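Beneath this line is the structure, given in structure tokens, with notes to follow.
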Amino acid sequence: MSKPKYRILIVEDSRAMRVLVASAVEEIDGVEVVETDDGFGALKELPRQRFDLVITDINMPNINGLDLIRFVRRSPTHRDIPLIIISTESTEEDRRRGLKLGASDYLTKPFEPDELIARVRRHLGLE
């Protein structure tokens, strides 16, 4: 198997949602997915390997998605990684708050897999 061109970290406490997100983005040629179920797991994964994109939920136990975004944006090593929030929090204020913290994009659940794929492709520079 060839080396992946793009590595994506999926941070989501719902196993079913992680599987849905992973199966969608893995349709993109050259993508490898790493999954974790909360922000704490993401903080353990980030130093282990290079990631080209992080997809995170907001509402999770331990370290939530907003705290994860704050950490990534303050880290000299990780601050340039694009971040996509996928959340049930669907008000314009929720969206604005996530983007103000440094998220690159915001998608509300439920979402169309094709929409997620299009946004991932855009943030990976494949469009």
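Sorted largest first, the spans of the alpha carbon positions of the chain along the three principal axes are 42, 31, 27 Å.
Under 8 Å for C-alpha pairs, at least 6 residues apart: give me the relative contact order for the chain, rounded to a whole percent.
On the way: 206 pairs, mean separation 30.1, N = 127.
Relative CO of the chain lands at 24 percent.
When the chain is treated as a Gaussian network with alpha carbon springs shorter than 10 Å, the biggest mean-square fluctuation among 33, 72, 19 belongs to 19. Considering only 82, 113, 47, the mean-square fluctuation computed in a Gaussian network model of the chain, springs between alpha carbons under 10 angstrom, is largest for 47. Residue by residue, segment 109-125 carries 3J(HN,Hα) couplings of 8, x, 10, 8, x, 4, 5, 4, 4, 4, 5, 4, 4, 4, 6, 8, x Hz when phi is fed to the Karplus relation 6.51 cos²θ - 1.76 cosθ + 1.60 (θ = phi - 60°); x denotes Gly or Pro.
Give me the percent of Cα-Cα pairs in segment 10-80 that sit more than 14 Å apart, rounded to a whole number. Working shown, then result.
Numbers: 1416 of 2485 pairs.
Counting every Cα pair in segment 10-80, those more than 14 Å apart make up 57 percent.
Among the trypsin sites (Lys or Arg not before Pro) in segment 1-95, those located in a DSSP loop and surrounded by at most 13 other Cβ atoms within 10 Å of their own Cβ are 5, 48, 50, 79.
Expressed in nm to one decimal, what extension gain is obtained for the pair residue 49 and residue 122 from 0.36 nm per residue of sequence separation less their Cα-Cα distance? Intermediate values should be presented prior to the final figure.
On the way: separation 73, 0.36 × 73 = 26.28 nm, distance 2.19 nm.
Net length gain for the segment: 24.1 nm.
If you run the Gaussian network model on the chain, springs between alpha carbon atoms under 10 Å, then out of 101, 66, 116 the most flexible one is 101. Couplings 3J(HN,Hα) for segment 21-35, derived from phi with the Karplus relation 6.51 cos²θ - 1.76 cosθ + 1.60 (θ = phi - 60°), are 5, 4, 5, 5, 6, 6, 5, 7, 4, x, 8, 10, 10, 10, 10 Hz, where x marks Gly and Pro. Less than 5 angstrom separates the built amide H of residue 38 from those of 12, all sequence-distant by 5 or more or on a different chain.
Read the figures in this text as sums done on the coordinates, not as results from a lab. Keep in mind it's a predicted model, so treat the numbers as computed, not measured. Counting neighbours? That spans all protein chains shown, and the Cβs are built from the backbone with ideal geometry, glycine included.
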